[in-house]
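Step one of this worksheet: look at the structure below.
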Amino acid sequence: MKKPQKISRAVFDEVMVPNYAPSTTIPVRGQGSRVWDQDGRELIDFAGGIAVNSLGHCHPVVVKALQEQSERLWHVSNVMTNEPALQLAQNLTEATFAEKVFFASSGAEVNEAALKLARRYAVDHFDSEKNQIIAFTQGFHGRTFFTVSVGGQPIYSEGFGPKPGAITHCEFNNLDALRAVISDKTCAVMIEPIQGEGGVMPATREFLKGVRALCDTHQALLIFDEVQTGVGRTGSLYAYMMYDVIPDILTTAKSLGAGFPVGAMLTTSEIAASLKVGTHGSTFGGNPLACAVAQAVLNKINCPEVLAGVAEREQLFRQGLEAIQARYDIFANIRGKGLLLGCELKEPYRGCAREVLQCAYGAGLMILAAGPHVIRFTPSLVIELEDIREGLSRLEQSVKTFLESR
Ligand SMILES: *Cc1c(COP(=O)(O)O)cnc(C)c1O
């Protein structure tokens, strides 16, 4: 055994696969929307673990749910069901259009399930020719080979050998582009109501309504990937509710577990029937710990006060961002909904999102990039208003430092 000593960032380069380039700071503790690193330095968290820490860090409601479940039952596999999974599935179906739920442990996994279900449904109800999946450029659906191929950034899916086939991409928010490629051979259209990773790009209402209508015309299933937009992130429990467009399949993960890995695919009974016994599965899907936590998260977030609180916080963010814009003129626009907000950098600062991020770390603020041109905010949905004010002031400091460094 090696002698225990303070573990450092250098260890990452020694023993971790080099697919990430984490910052030099190692957080060791979090409370609400404040995080402390190994040296005791405090940071304000506007990143929320990439839209995951929906209740901030160590929220008492989730801590309690996890502690209680951890002393009761950890895992039984899907050879048996369990109470937290049943309870959560019941709550999810009561809260949404859905009648049936499939659980897994991540966004990619529930998207994988959605895509496989759509293909299988088409085989059951039509013929094997109906297998085309349409998705959108700049879309992001996860990193399994199927989901990354459906995602609209070829750079992520190339270099791994032959890709899954019958996937077509077209331009987001362009109904004519979709109309040109959709046909009776299309089995599903997969879309994020607001593209997250692709740059915080909201779909227009007319576009989503048009996508729904085209899917109906061609008997294609509409899959909403709400892995990033779901569970109150936009101020509605799910973004489909604010758009008033009902999908056939919806996927949710990230915020659902508030930091515990869990995902769910929601659909109707009629469509779900195609996932017969043995067609699909996941060892950890429906794990009691994950479901007990998600249950507590859903109960906490799905109430008028918390959802209205998201809209209130959005206003505070927008005011602050607009004030920064008025003083420094670095954004081309401020976009997004609820607490999924993005600021696109304008010329000559395009491509500098990572530099702004670095300056923010320096100023004691955690923010995100969404591609090279957009800085993104996905904080806790219950972030203290005082933390928003202090974080915005640190952001202003970061912008100043960034501009002075040029
Ligand atoms: C993060 C994300 C995913 C992938 O989720 P993982 O849990 O990383 O597999 C899929 N879709 C969207 C829209 C996401 O934002």
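At a glance:
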item	result
Estimated 222 nm signal from helices in the chain, with DSSP H stretches of n ≥ 4 weighted -39500 (n - 2.57), rounded to 500	-12000 deg cm²/dmol
Whole-Å distance, taken between Cα centres, linking the range 202-241 and the range 101-149	15
Prolate/oblate/rounded label for the range 232-318 (Cα gyration tensor, a/c 1.5)	oblate
Net dipole in debye of the range 212-301 [+1 Lys, Arg Cβ; -1 Asp, Glu Cβ; about Cα centre; nearest 20]	300
Partner aspartates and glutamates for Lys337 [C-alpha distance under 19 Å; skip if fewer than 8 residues away on the same chain]	Asp45, Glu192, Glu197, Glu206, Asp225, Glu226, Asp244, Glu305, Glu312, Glu314, Glu322, Glu384
At most 16 other Cβ within 10 Å, DSSP loop - GluC sites (Glu not before Pro), the range 56-103	Glu71, Glu99
Lysine pairs meeting the criterion (Cα under 19 Å, 8 or more apart or interchain), as found in the range 73-301	9
Candidates Cys187, Cys58, Cys291, ranked by Gaussian network fluctuation over the chain, Cα under 10 Å, top entry	Cys58
GNM top mover of Phe46, Phe207, Phe140 - the chain, alpha-carbon springs below 10 Å	Phe207
Burial order of peptide ranges 210-223, 15-28 (average beta-carbon count within 10 Å, highest first)	210-223, 15-28
Rel. contact order, % - alpha carbon contacts under 8 angstrom, at least six apart, the range 135-178	39
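Just so you know, all these numbers are worked out from the coordinates, no wet-lab data involved. Everything quoted here is computed from the prediction, not taken from an experiment. Glycine gets a Cβ as well: all are built from the backbone with ideal geometry, and neighbour counts include every protein chain shown.
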